[in-house]
Amino acid sequence: MPESSPLLEVEELRTHFFTRRGVIKAVDGVSFTLHAGETLALVGESGSGKSVTCLSLVRLVPEPAGRIVGGRVVFAGEDLLRKTAAEMRWVRGKQIAMVLQDPMTSLNPALTIGTQVAEVVRLHQGLRGPSLRNRILEALRRLRIPAAEARLGHYPHQLSGGMRQRVSSAIAMSCAPRLLIADEPTTSLDVTIQAQYLQLLKEVQAQSGVAIILVTHDFGIVAANADRVAVMYAGQIVEMGSTVQVFDTPSHPYTQALLRCLPSVELKRQQLVEIGGQPPDLAQLPPGCPFAPRCAKRQPICLEAYPPTVTIQPGHVAQCYAAVPIDA
Amino acid sequence: MMLQGIGLKKYFPVTSGVFAARLRGWIKAVDGVHVHVAEGEALGIVGESGSGKTTLAKLFLLLERPTDGSLLFDGQEVRAFSRHDLARYRRSVQAVFQDPYSSLNPRMRVGDIVAEPLPPEDGLSRAVIRERVAEVLELVGLRRESAALYPHEFSGGQRQRIAIARAIVTYPKFIILDEPVSALDVSIRAQILNLLKGLQERLQLAYVMISHDLAAARYLSTRLTVMYAGKVVETGGCDEVYTAPLHPYTQALLSAALPLHPSLRRQRMILPGEVPNPLNPPSGCRFHPRCPQAMPQCQTHEPVWKEVSSGHYTACHLY
């Protein structure tokens with residue numbers, strides 16, 4: 001891991017939604033760092049706060065219900081939460097880009113591919129005419145979109161799902177951002193197309209040195225692409241470490257259970273370990289550890305106070321009373 | 001008892017023009033598929049989108065009529081069934097769909113949803129129906145009081161349990177599972193897969209599990225069928241297909257599956273290109289434009305279906 005100062009430092013980020021049912025603490029004290037060229041996977045089930053964390057980073061939390069109520073997001077030395085809305089517009093797209101789950105909804109169906117890529121490049125880089133066109137073609141070719149010139153005049157519906165996701169990634173990468181947030185980028189893709197896309201993402205990262213936050217619910221994608229992984233549950237990061245550390249010595253019972261309940265292509269038909277119960281209601285979180293009601297290693301104290309952060313190994317932490325450090 | 005498809009074909013017409021529609025061609029969604037499921041067996045059907053697996057499921061459920069080929073139930077042609085036979089078929093072959101948010105009517109109580117497949121001509125009394133519903137709700141791990149509630153009061157995993165209860169209320173022999181866990185969270189997925197496996201053993205059910213998730217299919221299936229662009233490319237015992245896949249497409253599909261551990265990151269076999277346009281599929285073997293082992297004859301001759309080892313079939317010129 002590089003020793004230089006991190007590209008992104010998130011400290012105690014809190015994003016709450018104020019609804020009639022009460023305050024929903026979608027993100028509640030999330031901290032992590034990310035270096036250039038690194039891929040951090042945010043893993044969790046629906047409602048764990050991984051997507052809201054990403055939206056908070058670029059200040060796109062749906063208002064007025066949602067509000068970032070605390071914390072700092074330091075990107076390249078500047079606190080994004082202190083920037084004005086106008087300043088944020090120059091960060092988004094240029095410095096930090098996003099790829100969303102469903103390219104059919106993130107692309108405009110009424111505009112051609114060329115127009116949609118051009119929009120970003122023209123705005124952030126002020127290019128016009130032939131140099132604009134060249135930059136667009138370059139962006140499309142970098143994502144290995146075949147027959148890029150012909151694609152310029154095509155509409156999103158004329159492309160396949162995998163190709164659409166490449167186009168939206170090409171838009172994201174067109175201004176050479178320093179951070180790419182990919183929110184479940186392959187969930188709507190087929191298995192072989194997913195493999196193509198993940199490979200491509202790695203190549204683009206190796207070329208450009210972009211840092212990637214990869215949001216996923218699939219540990220297989222984590223194993224395939226991530227350098228580090230943060231496991232989220234009920235708005236908090238319950239375990240974080242390098243991918244190898246977390247897979248080798250999962251230390252939070254939730255991570256352990258998640259890894260055990262995955263069916264696998266390699267393994268035979270053995271009984272899957274299941275996690276009983278349901279994810280918690282974020283409006284009515286219990287006082288102690290949010291996972292305690294479903295946890296197999298529950299102790300009385302788990303229901304009373306939030307567990308401490310235990311350092312398992314350098315760079316590997318878990319928030320659990322039962323977690324034990326590994327002696328080197 | 002056996003459910004069998006022989007040379008099943010389903011073509012959808014493609015037309016252009018609004019008023020005087022002209023026929024432009026046919027989408028060959030399912031094109032000559034042989035498949036059989038015996039009682040108590042679990043057949044996994046895997047393939048990518050557009051491979052025809054869902055159309056095949058619809059043929060089994062009589063939601064689509066085959067263009068050609070025959071569907072046999074208990075050795076009898078389904079097309080020739082009388083009303084009475086059809087009722088028996090529908091009772092014996094039930095379904096669970098992918099999305100439990102859209103497959104349950106939000107305005108019906110769970111008890112009514114679960115009881116709906118029970119045919120009125122059986123003349124079951126209300127008390128018997130109520131008891132039957134309570135019994136299946138408990139079988140799927142819900143409380144019998146759930147019958148009085150509405151679907152929105154349940155989480156995704158619980159809704160899928162309701163859908164499973166509805167499928168087993170008629171005591172069927174076969175259940176068609178169309179992507180039964182794809183819409184669920186990881187921790188809930190394991191619960192539903194375990195439930196389905198337990199029910200299969202307990203009720204002697206046969207499953208046809210349609211899935212793009214190779215791991216989930218392996219967990220539940222005893223035999224596996226791989227589809228590509230409307231054709232079956234390989235069929236065999238589940239362990240055989242996973243450990244010694246014959247067809248290059250099956251090999252690529254397994255290779256594209258995600259690793260379980262970062263140390264298993266391997267040089268994956270990445271297939272170039274995409275699933276072909278069903279309106280104009282490639283000549284010869286439909287996989288040849290993407291196949292790493294394509295030979296000249298693959299472009300011109302369609303490979304024949306052959307048994308390579310006992311019970312393990314493929315359609316490929318390599319064998």
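The values are calculated or read from the model by the stated rules, or taken from the named source; none is laboratory data. The model shown is predicted, which means the values in this text are computed figures rather than measured ones. Note: ideal-geometry Cβ built from the backbone for every residue, glycine included; neighbour counts use all protein chains shown.
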Residues of segment B:221-251 satisfying the condition of being surrounded by fewer than 23 Cβ atoms within 10 Å (Cβ to Cβ) and in contact with a Leu (Cβ under 7 Å, 6 or more places away or on another chain):
B:ARG223, B:CYS238, B:TYR242, B:PRO245
For B:SER187, indicate whether it is out of contact with any Ser or Thr (no Cβ under 6 Å at 6 or more places or on another chain) and assigned to a helix (DSSP H, G or I).
yes
Taking segment A:168-202 and keeping residues among the hydrophobic types (A, V, I, L, M, F, W, C) and more than 14 Å from every other protein chain (Cβ to nearest Cβ) leaves A:ALA170, A:ILE171, A:ALA172, A:MET173, A:CYS175, A:ALA176, A:LEU179, A:LEU180, A:ILE181, A:ALA182
With the structure loaded, tell me whether B:LEU260 is part of a loop (DSSP other than H, G, I, E, B), more than 9 Å from chain A (Cβ to nearest Cβ) and not aromatic (Phe, Trp, Tyr) or whether it fails that test.
no
What number of residues within segment A:254-274 are in contact with a strand residue (DSSP E or B) (Cβ under 6 Å, 6 or more places away or on another chain) and either farther than 28 Å from A:MET98 by Cα or at the interface with chain B (Cβ under 9 Å from one of its Cβ atoms) (or both)?
1
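Residues checked against (1) touching a helix residue (DSSP H, G or I) at 6+ places or on another chain (Cβ under 6 Å); (2) closer than 19 Å to B:PRO172 by Cα; (3) among the small types (Gly, Ala, Ser):
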| residue | (1), (2), (3) |
| --- | --- |
| B:VAL110 | yes, no, no |
| B:GLU121 | no, yes, no |
| B:ARG130 | no, yes, no |
| B:SER146 | yes, no, yes |
| B:TYR150 | no, no, no |
| B:GLY157 | yes, no, yes |
Which of (1) in contact with a Phe, Trp or Tyr (Cβ under 9 Å, 6 or more places away or on another chain); (2) more than 20 Å from A:VAL23 (Cα to Cα) is the odd one out, the single condition A:PRO287 does not satisfy?
(2)
Quick check: is even one residue across segment B:50-60 in contact with a Gly (Cβ under 9 Å, 6 or more places away or on another chain), part of a strand (DSSP E or B) and not small (Gly, Ala, Ser)?
no
Which numbered condition in (1) over 27 Å from the mean Cα position of the chain (by Cα); (2) in a helix (DSSP H, G or I) is the only one that A:LEU123 fails?
(1)
Residues of segment B:190-213 satisfying the condition of being within 11 Å of chain A (Cβ to nearest Cβ) and not in a helix (DSSP H, G or I)
B:SER211, B:HIS212, B:ASP213
Number of positions in segment B:69-92 that are assigned to a strand (DSSP E or B) and in contact with a Phe, Trp or Tyr (Cβ under 8 Å, 6 or more places away or on another chain):
2
Would you mind stating whether B:ALA147 is more than 14 Å from every other protein chain (Cβ to nearest Cβ), over 15 Å from the mean Cα position of the chain (by Cα) and assigned to a helix (DSSP H, G or I)?
yes
Please verify whether B:VAL186 is modelled with pLDDT of 90 or more, more than 20 Å from the chain's Cα centre (by Cα) and buried (at least 19 other Cβ atoms within 10 Å of the Cβ), treating the condition exactly as stated.
no
Taking the condition on the phi < 0 side of the Ramachandran plot and out of contact with any helix residue (DSSP H, G or I) (no Cβ under 9 Å at 6 or more places or on another chain), does A:PRO130 pass?
yes
For segment B:205-219: of the residues being hydrophobic (A, V, I, L, M, F, W, C) and out of contact with any strand residue (DSSP E or B) (no Cβ under 7 Å at 6 or more places or on another chain), which is surrounded by the most Cβ atoms within 10 Å (Cβ to Cβ)?
B:ALA216
Whether any residue in segment B:235-242 is of a type in the set (S, T, N, Q), part of a helix (DSSP H, G or I) and touching a residue at least 12 places away in the same chain (Cβ under 8 Å) is what I want to check.
no
Given B:ALA216, B:ALA252, which one is in a helix (DSSP H, G or I) and within 13 Å of the chain's Cα centre (by Cα)?
B:ALA216
Any hit, segment A:75-95, residues being among the small types (Gly, Ala, Ser) and in contact with a helix residue (DSSP H, G or I) (Cβ under 8 Å, 6 or more places away or on another chain)
yes
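Matching residues to (1) surrounded by 20 or more Cβ atoms within 10 Å (Cβ to Cβ); (2) more than 14 Å from every other protein chain (Cβ to nearest Cβ):
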residue	(1), (2)
B:ARG126	no, yes
B:ARG132	no, yes
B:GLU138	no, yes
B:GLU153	no, no
B:ARG159	yes, no
B:ILE164	yes, yes
B:LYS173	yes, yes
B:ILE176	yes, yes
B:PRO180	yes, no
Do you know which residues across segment B:272-319 are of a type in the set (Ser, Thr, Tyr) and outside any loop (DSSP other than H, G, I, E, B)?
B:THR300, B:SER309, B:TYR313, B:THR314
Quick count over segment B:40-87, residues being among the charged types (D, E, K, R), more than 18 Å from B:TYR207 (Cβ to Cβ) and surrounded by 16 or more Cβ atoms within 10 Å (Cβ to Cβ), is 2
Hey, can you tell me all the residues within segment A:215-236 that are crowded, with 22+ Cβ neighbours inside 10 Å, in contact with a helix residue (DSSP H, G or I) (Cβ under 9 Å, 6 or more places away or on another chain) and either of a type in the set (Phe, Trp, Tyr) or within 30 Å of A:GLY288 (Cβ to Cβ) (or both)?
A:VAL215, A:THR216, A:PHE219, A:VAL222, A:ALA226, A:ARG228, A:VAL229, A:ALA230, A:VAL231, A:MET232, A:TYR233, A:GLY235
Out of the residues in segment A:219-253 meeting the condition of being in contact (Cβ under 8 Å) with a residue 60 or more places away in the chain and of a type in the set (Asp, Glu), tell me which one is farthest from the other protein chains (Cβ to nearest Cβ).
A:GLU239
Pairs returned, first residue in segment B:73-94 that is in contact (Cβ under 8 Å) with a residue 12 or more places away in the chain, second residue that is part of a helix (DSSP H, G or I), beta-carbon separation under 6 angstrom, 6 or more apart or interchain, are B:PHE73/B:TYR89; B:GLN94/B:ALA167
